[in-house]
1. Could you check, for the stretch A:90-102, whether at least one of its residues is within 8 Å of chain B (Cβ to nearest Cβ), in contact (Cβ under 8 Å) with a residue 24 or more places away in the chain, buried (at least 22 other Cβ atoms within 10 Å of the Cβ) and within 20 Å of the chain's Cα centre (by Cα)?
2. Here is a list: A:34, A:56, A:82, A:44. Which entry is on the phi > 0 side of the Ramachandran plot and either crowded, with 23+ Cβ neighbours inside 10 Å or touching a residue at least 40 places away in the same chain (Cβ under 8 Å) (or both)?
3. In the stretch A:127-149, which residue that is in contact (Cβ under 8 Å) with a residue 12 or more places away in the chain and within 14 Å of another protein chain (Cβ to nearest Cβ) is surrounded by the fewest Cβ atoms within 10 Å (Cβ to Cβ)?
4. Going by the structure shown, is residue A:185 at pLDDT below 75 and surrounded by fewer than 17 Cβ atoms within 10 Å (Cβ to Cβ)?
5. Out of (1) more than 14 Å from every other protein chain (Cβ to nearest Cβ); (2) at negative phi; (3) touching a strand residue (DSSP E or B) at 6+ places or on another chain (Cβ under 7 Å), what's the single condition that is false for residue A:13?
6. Considering only residues of the stretch A:152-177 that are more than 14 Å from every other protein chain (Cβ to nearest Cβ) and in a helix (DSSP H, G or I), which is surrounded by the fewest Cβ atoms within 10 Å (Cβ to Cβ)?
7. Can you name the number of the only condition in (1) facing chain B (nearest Cβ under 10 Å); (2) assigned to a loop (DSSP other than H, G, I, E, B); (3) within 23 Å of residue A:213 (Cβ to Cβ) that residue A:82 fails?
8. Would it be correct to say that residue B:255 is within 14 Å of another protein chain (Cβ to nearest Cβ), free of Cβ contacts under 8 Å to residues at least 40 places away in the same chain and surrounded by fewer than 24 Cβ atoms within 10 Å (Cβ to Cβ)?
């Protein structure tokens, strides 16, 4: 199998319900190396639930998930996975932590085949901050940064463990539009230049569609899963363009 | 003050035990406050009090029995939170009232240890026995080592629980470690400042540090420093002015909090 075709995540027949109320029904989906997959759908369509199932935060009622070819239950190489949750920047504003400490805590915690030394940790922190353009902010308190900068720090934290895939849940909620554009440009660059596989849950397809190459459209069931270019020619995309917002809704 | 008193075994023992406890409280308190778990010390102090009563009723070493009972109580609080899906403060309320009820019950059936039990209600550091000092210092060092050996993991979990879980950390193991270290520290604190004031020891120095610190390293350092100043200063004040040590310790801790808060506003 070509390296670019390597399957990183496979979701097979996954269903999930919250206290008997179905959230996901029979989802089959796969993510391959180099993909930039956008999971889109209206509020309550199960996007976040699906992402949480993919990273093992929720256990599916039915079906299975494979990560890097291994059943999720047996998966141990968590340093290969970077995850940024919804409203990740809504952390406790009194939390006294510097930008460098946010990344160091993760770097020193994640189990890896070889544990990095102190100098290596420092280098990796600076390297990750350089990638997101925040190397001069390393010593600043996290709560003194703007929402957009905080989001970049969390990306740097995820990148510091050199993951092969980044999964993000509505990462730009509450961030101003120019910062959102910069953020998605950065993700696009990481995907193209560093071959980083990205799975992004979003309700705002408009802002990400120039970066993604695959789309999964969700409404409890998987309505569409395929190439972005084909999606653009589909009826569902036209519905979006012409204001048929039943797939995508904004509630801010 | 009589100079020889300063170097008396009694005084040195109090300082040694107080210093150990201060370090453990200062470090642990930062995590408890940031996790919104400050009241767990309050709940566990009641459970520990029941342990002391049980130890006295059974003629066993009360501190040891209290540590065992408190460790069991700490794990029970976690279990109630996870399995009975109770909010943390409700689980703590169940345990703390249960603990106090048990202590009252034991006192009623065995009336002869009431006075001794009172020492654990208000603390009596100046009456601490040599064996208790070794135990206090040993356990305090164990708690301190437990925190430093797991420092990054504890910071990661406290800052971003979900990301920490996805990174492969066993959060249930870390939660257990943290509550068990709290249980041990609370029992040590019970001997020094007593049931009624021990929560303050784990909360006030950390709250003061949070007024001033700009990063986590500073927070841990300041919290430990404020905790040491409060406990050691309180013991000295108690000696000099013949005050109850527990009250002097908490007053000092509150004074440091007030000054830290003012310093923050002026900055």
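1. Yes: one or more hits.
2. Step by step, each of A:34, A:56, A:82, A:44 is checked, and only A:34 is on the phi > 0 side of the Ramachandran plot and either crowded, with 23+ Cβ neighbours inside 10 Å or touching a residue at least 40 places away in the same chain (Cβ under 8 Å) (or both).
3. A:139
4. Judged against the criteria, residue A:185 is not a match.
5. Unmet condition: (2).
6. Only one residue tops the list, namely A:177.
7. (2)
8. no
The values are calculated or read from the model by the stated rules, or taken from the named source; none is laboratory data. Just so we're clear, the structure is a prediction, and the values are computed from it rather than from any experiment. Because the Cβ atoms are built from the backbone with ideal geometry, glycine has one as well, and the counts that use them run over all protein chains shown.
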